[in-house]
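Colleague: The structure under discussion is supplied below as structure tokens; questions concerning it will follow.
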Amino acid sequence: MDVFKVNIIIWIFLYSFSLVHITLFAYLYIKNKSKVELLYLIVLINIFLLAVIITISLVLEIHTFIPLLVNAILSVYITIPMWGYYLFALDKKYFKNIFILVGTEVIIDNILMAQNEPRFFVILYILRVVFYILLAIPVFVIKKNKYEKDSIEGKMQKVTKITAIVFIIFMASLVPISVFIFELTNTASLFWGVFTVAYQIPGLVYCKNMLIKKGAISGKKGISSLTKRENEVATAICNGYKYEEIAEKLQISVSTVKTHSYIIYKKLGINNNRELMQIFIENPDGDADKPS
């Protein structure tokens with residue numbers, strides 16, 4: 001199979017993967033009407049469009065694609081940090097730094113990419129890593145506890161931090177291999193392919209957890225998935241018993257109670273006792289006895 005066909009297969013898979021991610025976030029936004037999910041969706045779409053441009057340049061071996069590519073990168077450079085700074089409620093002064101850093105980086109990108117020599121690409125990737133780190137520092141250093149951990153915003157903060165770490169690690173790993181990555185058959189497509197999958201995993205995990213949670217709370221199906229013993233433990237938790245008291249009441253060990261509790265939370269897609277009580281209150285006809 002020739003290089004062109006292999007690249008096509010790789011990127012068709014990646015496009016499908018990305019579109020599934022975008023579709024799931026679009027669905028969650030429609031259901032939750034959460035602004036942060038909408039903004040993250042916009043970020044995903046921006047990155048997807050950049051991937052399309054990179055694919056075209058790689059597959060068709062277009063080397064005069066620099067102006068369009070830089071413009072697309074500029075959009076992503078601005079959109080992603082603005083999203084992160086908004087989510088973490090950073091001061092306005094940090095937003096100004098985005099445009100200063102992006103402006104400087106775009107100028108450097110244009111100069112170095114125009115050289116079209118491997119040694120200049122090494123310098124380019126090193127500077128980009130520094131650029132990404134400078135943009136990410138406020139998110140990791142400035143502590144803002146604006147949202148509860150279990151809220152949509154709190155969960156999105158976790159997703160954003162993990163994604164930023166994955167992104168920077170991959171960009172840093174590009175530095176030592178940038179000399180030959182574009183010279184080996186399919187190496188570039190494979191590298192960007194792995195990167196495309198990796199940075200989307202935190203968001204997909206978020207989607208999975210949110211969809212499971214919504215499915216559990218929406219009806220008694222979630223409760224009916226519990227075993228008899230899990231129902232007993234869940235009911236005791238809802239009635240305010242501590243793990244030690246539940247263990248004594250059901251004549252089992254505390255560690256067993258904790259294991260049952262973990263499984264209950266996983267099955268129902270919840271994070272705390274308050275959410276568990278809410279499910280039982282909203283589904284009084286479920287398999288478990290209602291908490292008193």
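The values are calculated or read from the model by the stated rules, or taken from the named source; none is laboratory data. Here the structure is a predicted model, which is why all the values come from computation and not from measurement. Because the Cβ atoms are built from the backbone with ideal geometry, glycine has one as well, and the counts that use them run over all protein chains shown.
Colleague: Return the residues of the stretch 213-232 that are farther than 11 Å from I270 by Cα and either among the aliphatic types (A, V, I, L, M) or at pLDDT 70 or above (or both); say none if nothing qualifies.
Modeller: Matches in the stretch 213-232: I223, S224, S225, L226, T227, K228, R229, E230, N231, E232.
Colleague: What are the residues in the stretch 242-253 that are outside any loop (DSSP other than H, G, I, E, B) and farther than 27 Å from I212 by Cβ, if any?
Modeller: Answer for the stretch 242-253, where residues must be outside any loop (DSSP other than H, G, I, E, B) and farther than 27 Å from I212 by Cβ: E244, E245, A247, E248, K249.
Colleague: Any residue at all in the stretch 264-277 that is in contact with a Gly (Cβ under 8 Å, 6 or more places away or on another chain), surrounded by 14 or more Cβ atoms within 10 Å (Cβ to Cβ), at pLDDT below 90 and assigned to a helix (DSSP H, G or I)? Reasoning before the result, please.
Modeller: Taking the stretch 264-277 and keeping what is in contact with a Gly (Cβ under 8 Å, 6 or more places away or on another chain), we get 267-269.
Then drop every residue that is not surrounded by 14 or more Cβ atoms within 10 Å (Cβ to Cβ), which leaves 267-269.
Subset that is at pLDDT below 90: 267-269.
In the following step, the residues that additionally are assigned to a helix (DSSP H, G or I) were identified as 267-268.
Yes: the stretch 264-277 contains one or more residues that are in contact with a Gly (Cβ under 8 Å, 6 or more places away or on another chain), surrounded by 14 or more Cβ atoms within 10 Å (Cβ to Cβ), at pLDDT below 90 and assigned to a helix (DSSP H, G or I).
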